[in-house]
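The values are calculated or read from the model by the stated rules, or taken from the named source; none is laboratory data. Computed from a predicted structure; not experimentally measured. All Cβ positions, glycine included, derive from the backbone under ideal geometry; neighbour counts span all protein chains shown.
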Amino acid sequence: MYLYFLLCFALAMLVHELGHLVAARLCRVPASELGLGWGRRLWSFHWRGVEYKLHLLPIGAYVRLDVKELQRRPLSQQVFVLMAGILVNLSFATLAPTSIFGLMNLLLAVTNLLPLYQQDGWKCGMVFLRAVMNRKSALVEWTFTIAGGAVSLFLFAAQAIRHL
C-alpha cells in the first residue's frame, strides 16, 4: 500500500514538472533537464534537447529552465510557466477526485501555491514583486520569503490543531 502511495506521489510530481516543461516550450523558454527524484542517477535519456533523469530517491522532482530567458518573457508568460505545474495537478485531481492519484495531485497543487521558499507560489510572488518594483530588492525579497514561510507554517499549524 505504501508503495502505491509513493508511486502515485512520484507520478503526480512528474506530471507537475511536465506541466512546467510544456508551458516553457509554448513560451519558447529553453529547458535542459527534467528529473524525478534526487541522489545518484539511475537512468536517463535525451529527447528534443532535454535530458530526462530518474534518480535513486523518489523524493522531489525538477525541471531546469533557462531562468534568464524566462525573466525576459512578459509577466503573463512567466506566471504561466510557473503556475503550469499546479494547473496540471489540479486537472488530474479533478479527473480522478476519489483516487489516491487524485489526492496526491491535489496535495501537490495546494502546497505549491503556498509562498514557501522555492515553491511555485513563492516564485510567482517574487516575479510579481520584481515587476511591481521594476527591480530586485534583497530586503523586500527576504521579507516576503520569511513572511511567506511564517504564513505557511501558521496555516499548517491551524489545520493540525483543527484536526485534533
* Verdict on Val22 being buried (at least 18 other Cβ atoms within 10 Å of the Cβ), of a type in the set (A, V, I, L, M), closer than 23 Å to Val127 by Cα and at pLDDT 95 or above -> no
* Extreme residue, farthest from Val127 (Cα to Cα), among residues of the range 55-67 that are modelled with pLDDT of 95 or more and surrounded by fewer than 17 Cβ atoms within 10 Å (Cβ to Cβ) -> Arg64
* Kindly indicate which of Val88, Val127 is surrounded by 13 or more Cβ atoms within 10 Å (Cβ to Cβ) and at pLDDT 95 or above. => Val88
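Can you pull out every residue in the range 116-163 that is among the polar types (S, T, N, Q) and in contact (Cβ under 8 Å) with a residue 12 or more places away in the chain? Before the answer, list the steps.
Looking only at the range 116-163, we keep the residues that are among the polar types (S, T, N, Q), and these are 118-119, 134, 137, 143, 145, 152, 159.
Result: Thr145, Ser152.
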* Only residues that are of a type outside the set (A, V, I, L, M) and either in a helix (DSSP H, G or I) or free of Cβ contacts under 8 Å to residues at least 40 places away in the same chain (or both): list them for the range 1-27, please. => Tyr2, Tyr4, Phe5, Cys8, Phe9, His16, Glu17, Gly19, His20, Arg25
